[in-house]
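Here the structure is laid out as structure tokens; the discussion comes afterwards.
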Amino acid sequence: MYKSTNSKLGYYTLSKLKTLLLFLVLTSGIISAQTKGSISGRVIDASNNEILIGANIIVMGTTTGTSSDLDGYYSIKGLEPGTYSIKFSFISYQTTIVENVKVEAGKDTKLNIQLKPTTTEINEVVVTAEALKSTEGAILNIQKNSLNIVDGLSAELISKNNSSDGTDVLKRMTGITISEGKYAFVRGVGDRYNNTMLNGSNLPSTDPEKKSFAYDLFPASLIENVLTSKTFIPNKPADFTGGLVEINTIEFPSKFIFDLSVSSSYNTTTTLKNIAKYQGGSKDFLGFDDGTREMPSIIPSKKLDRTFTPSELQSFGLAFKNNWQTSVSKAPFNGNFKLNMGNQLALGSDLFGYIASITYSSSSEIRSLEQANYTFEGPRYEYSGKNNISNVTWGALLNLSYKIGRSTKLSFKNVYNRTADDETTIYEGSYTSYLQHRKVTSLRYVSRSLFSSQVIGTHHLNFLNGLQIEWNVNYGNSKRDEPDARRYIYARDYFDETEPLRLLLDQSLFTRYFGFLDDHNYGTSWNFTLKPFENPDLPTIKFGYLFDKKDRDFNARIFGFRNIPGGNFLEEDQILQQSIDKIFDPKNINPTFIEITEITQPTDSYLANQSINAAYVMIDFQPLENFKVVTGLRYENSVQKLNSKSRTGEPINVNSIYNDIFPSLNITYQPTEKINLKLAISRTLARPEFREIAPFTYFDFLANELVMGNTNLKRSLINNYDIRFEYYPAPRELFSISGFYKKFMNPIEQILISSSALEPIRSYENAKKANNYGLEIEMRKGLDFIGAFLDEFSVIGNLSLIKSKIELENRGFQLSERPLQGQADFILNLGLYYENLSGNISASLIYNKVGERISKVGFGGLGDVIEMPRDQIDFTLSSKIYSSLSIKIAAKDILAQNIKFIQKTPAGDKPSEIMKMGQTFSVGFSYNF
């Protein structure tokens with residue numbers, strides 16, 4: 001219906017009024033907050049790091065006070081600038097008075113407090129407030145009082161390290177290395193033996209072939225902290241052995257915030273250099289394909305085979321775009337943008353909080369690379385070329401929280417992340433196995449996304465002996481889309497350099513690939529904590545239930561092009577020497593020259609699901625003075641199902657059911673307030689992945705090799721033994737040394753078996769046994785002990801020394817004994833940090849080095865492909881220009897050493913792959929309202 005101008009004017013006026021009212025509500029109190037200050041923080045139990053609900057907080061000498069909420073947080077607002085004494089008290093805990101708490105106009109003073117439990121009357125304890133309570137100190141407090149052995153990294157240190165995504169964050173943590181630029185190895189074991197959770201919920205996989213999460217998908221600015229559990233306790237999932245990586249997103253603030261930051265960077269090997277690319281779509285800058293790369297709608301769902309007529313196949317071939325050609329342009333500067341907004345609003349006696357965040361980055365990278373592979377006779381191929389990558393990564397977060405009184409909290413947490421890599425790879429060299437000189441061009445676009453949504457509730461029921469109930473209902477979705485990945489090869493005779501290059505019109509080499517992975521996770525967890533005794537030394541009982549289901553849909557189609565025999569050979573030979581766009585001129589797609597084929601197999605698609613029902617019980621108690629014991633059991637019932645077809649089209653159905661019980665014992669001895677000695681014994685497991693249990697052989701297009709499943713695979717059971725000594729000499733300081741030993745029963749390992757083809761077939765089997773052991777050392781220390789001139793400097797470092805051995809059946813090409821694939825013999829991180837007392841200037845100099853590790857398993861009596869160590873140094877300098885404006889200058893990978901792989905051969909070590917890296921320099925500005 002037509003609307004009059006007046007109607008439209010009234011509608012827009014009302015809309016503007018609503019917007020104005022919403023703005024006034026969100027920013028209410030900002031003006032008055034400029035003249036008054038506030039104090040806020042958290043009250044926790046000093047003995048076990050548990051929150052204290054309903055603790056009393058009073059500003060001494062006034063009638064102003066409050067009590068801690070369901071999460072132990074409190075906030076006292078509207079205080080005149082000045083210095084105060086704050087009194088903290090709670091039943092069965094020592095009353096503590098903190099003196100000299102400074103309140104400044106328009107600022108919130110952070111004051112976190114630990115109360116010590118007591119069973120007898122004692123006098124009040126008086127302490128002096130620190131000038132700054134940092135989140136890095138809070139992370140150390142979590143490590144110190146955790147029920148198990150945990151490592152952590154805070155948002156504060158993440159910012160100082162200039163981390164851009166989750167991989168940058170994790171590689172700074174003790175015992176963690178990054179493989180393929182995005183996958184984590186913890187304590188020398190890979191994706192199969194690790195797990196990832198986001199805000200307490202399992203994350204879906206981002207890879208069709210493995211149990212893995214690509215951490216580069218997660219922008220670092222959305223992370224509040226990362227905790228890695230090194231030992232198992234029953235209220236955590238049992239399917240991890242190296243570590244359980246728990247990512248926690250940022251929470252809402254105690255006052256209104258609005259942060260904006262922008263940055264730009266220059267890479268010495270890429271920025272303003274010629275970068276190869278191909279014609280993309282209009283939405284590439286958002287990480288979405290706009291349909292440019294989608295499969296033509298005319299292509300039937302049925303596989304293209306000889307049942308179609310030549311004219312139909314010609315129509316199908318012509319439907320694909322002639323978009324093989326590449327071009328060159330100047331690579332732009334890299335850019336990054338971040339916006340955060342949040343607030344906490346009082347609704348009577350309740351509180352409503354929110355935080356919204358969005359991040360966006362775009363970058364380009366040119367990697368010069370050299371690749372080679374060797375057989376007994378010598379090099380199989382030797383290539384050199386460039387890998388050109390344009391990346392877009394963005395993320396959005398919206399967390400809402402509603403606190404009802406002092407006993408209930410409801411949260412709604414949502415995060416969406418998306419990343420896309422647009423790759424153009426061109427390399428050239430000799431392929432001696434076929435006596436050819438080849439030029440290979442590969443065009444790929446891979447987009448990945450992750451969505452996670454959670455409704456979380458926490459309830460504290462005082463009338464039931466302080467029963468605490470925590471529940472979580474969650475949904476997650478992970479997608480991986482690779483539309484129209486193209487590859488083509490020109491070749492000539494290996495011995496005749498004067499011969500022109502010709503297009504190899506072979507359906508297995510000249511391909512267009514379409515692959516899509518869709519993972520859905522549904523789950524709920526219910527955790528109950530019961531303190532039946534008033535004495536905090538007596539047992540606390542925890543029990544709960546978890547249901548987690550994962551549904552996966554993976555499908556792929558692969559098309560090729562072939563030269564129809566019987567045509568004019570001389571004429572066709574001249575055409576095949578032309579550029580790719582001219583060869584694929586529509587006039588050449590016909591029943592006598594170039595014809596489309598499909599080489600998709602029934603095994604290239606599958607449906608799968610996994611469901612887990614788990615229950616646990618555990619107790620936390622102090623049997624003796626200075627001793628704490630956490631022990632219990634976890635039961636897990638898991639069902640794995642897979643539906644696909646064999647290469648001949650017969651239905652394949654796999655149904656695996658497991659019932660397991662996992663015991664755990666964690667003991668902490670605390671002889672003083674500053675020392676912990678932790679011991680842990682537990683059993684965990686690793687389940688086969690969907691594709692690994694499928695009884696068929698399929699072609700992995702990405703790895704360019706055949707893969708065969710094994711229905712006889714058993715789950716792996718692992719016995720874990722850990723010990724850690726921790727010393728906390730001062731706030732923000734730590735020295736720890738850990739030892740671990742892991743014994744694997746039926747470990748699942750990748751093997752290579754012989755085939756009639758030139759290449760072996762990759763498969764999987766349960767090895768005889770394996771063990772993994774190592775030593776971890778971590779240190780965080782201020783340098784003021786050297787002299788007053790260094791009181792603003794500190795060092796943070798960690799060193800891991802790891803060994804492993806796996807014994808395989810002596811079959812086929814495989815060696816019978818070797819280290820675990822991906823396990824580095826050492827990992828070293830070292831950082832020098834500076835922060836002046838006013839907090840206006842900070843700087844960091846970070847060093848990282850990872851030892852040798854197996855990248856690819858060797859075969860045929862030849863050695864493995866080894867990734868060699870390289871030194872990496874990063875530098876960051878941040879400074880406040882004005883009260884709300886800051887600048888950050890950073891230099892990344894200053895040494896820019898090559899990434900190098902070598903292959904062990906009878907003739908000695910040979911270079912297998914070399915990637916030349918560049919230095920990256922960046923400058924950024926941030927403004928905080």
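Bear in mind that the values in this text are calculations on the coordinates, not laboratory data. Quick caveat: nothing in here was measured; it's all calculated off a predicted structure. Here Cβ is always computed from backbone atoms with ideal geometry, including for glycine, and neighbour counts include all displayed protein chains.
Net charge of the neighbourhood of residue 316, taken over other residues with C-beta under 14 Å away and scored Lys/Arg +1, Asp/Glu -1, is +3.
Peptides 891-901, 417-427, ordered by how many other C-beta atoms sit within 10 Å of their residues on average, highest first, read 417-427, 891-901.
About the centre of its Cα atoms, the chain shows a dipole size close to 1100 debye [charges on the beta carbon of Lys, Arg (+1) and Asp, Glu (-1) only; nearest 20 debye]. Fewest neighbouring Cβ atoms within 10 Å first, the residues 618, 779 line up as 779, 618.
To check you understand DSSP bridge types, tell me what percent of the beta bridges within the chain (both residues inside) are antiparallel, rounded to 5. Walk me through the numbers on the way to the answer.
Numbers: 390 of 407 bridges.
Here the antiparallel bridges make up roughly 95 percent for the chain.
Want the number for residue 100 to residue 887: 0.36 nm per residue separation, take away the alpha-carbon distance, what's left? Numbers along the way, then the final one.
On the way: separation 787, 0.36 × 787 = 283.32 nm, distance 3.17 nm.
Gain in length upon complete extension: 280.2 nm.
Report the gain in length on full extension from residue 67 to residue 475: 0.36 nm times residue separation, minus Cα-Cα distance, nm rounded to one decimal.
On the way: separation 408, 0.36 × 408 = 146.88 nm, distance 3.40 nm.
Full extension of this stretch gives 143.5 nm more.
Neighbour counts of C-beta atoms inside 10 Å place 825, 537 in the sequence 537, 825, starting with the fewest.
Using a Förster radius of 60 Å, what is the FRET efficiency between residue 609 and residue 571 based on their Cβ-Cβ separation? Nearest 0.05, please. Don't skip to the answer; put the middle values down first.
Values: r = 54 Å, r/R0 = 0.90.
The computed FRET efficiency comes out at 0.65.
For residue 416 and residue 769, a Förster radius of 51 Å and the Cβ-Cβ distance give a FRET efficiency of 0.75, rounded to the nearest 0.05. Remark: 93, 847, 74 ranked as 847, 93, 74, counting other beta-carbon atoms within 10 Å and listing the fewest first.
Checking the Cα-Cα distances for 386/856; 230/409; 236/678; 273/916 against a 24 Å cut-off, the pairs over it are 230/409. Approximating the spin labels as points 7 Å out from Cα along Cα→Cβ, the residue 714-to-residue 579 distance works out to 6.1 nm. For the stretch 513-529, the residues whose backbone nitrogen is under 19 Å from a point 7 Å from the Cα of residue 295, taken along Cα to Cβ, are 513-519.
At a 10 angstrom cut-off on C-beta neighbours, averaged per residue, how do the peptides 653-666, 226-239, 915-928 rank from highest to lowest? Kindly include the intermediate steps, with their values, before the conclusion.
Details: 653-666: 15.4, 226-239: 24.4, 915-928: 17.0.
By packing density, highest mean first, the sequence is 226-239, 915-928, 653-666.
Straight-line cross-link reach from residue 888 at under 18 Å between alpha-carbon atoms covers these lysines, not counting any fewer than eight positions away in the same chain: 160, 338, 880. Between the beta carbons of residue 434 and residue 283, assuming R0 = 56 Å, the FRET efficiency works out to 0.90 to the nearest 0.05.
Summing +1 for each Lys or Arg and -1 for each Asp or Glu, what net charge is found among the other residues whose Cβ lies under 9 Å from the Cβ of residue 227? Numbers along the way, then the final one.
Values: positive: none; negative: 151, 246.
Around residue 227, the surrounding residues sum to -2.
Could you calculate the contour length gain from residue 463 to residue 661, that is, 0.36 nm times the residue separation minus the distance between their Cα atoms, to one decimal place in nm? Please list the in-between numbers first.
Values: separation 198, 0.36 × 198 = 71.28 nm, distance 3.33 nm.
Gain on extension, residue 463 to residue 661, equals 68.0 nm.
Using a simple spin-label model with pseudo-atoms 7 Å out from Cα toward Cβ, residue 795 and residue 648 lie 6.7 nm apart.
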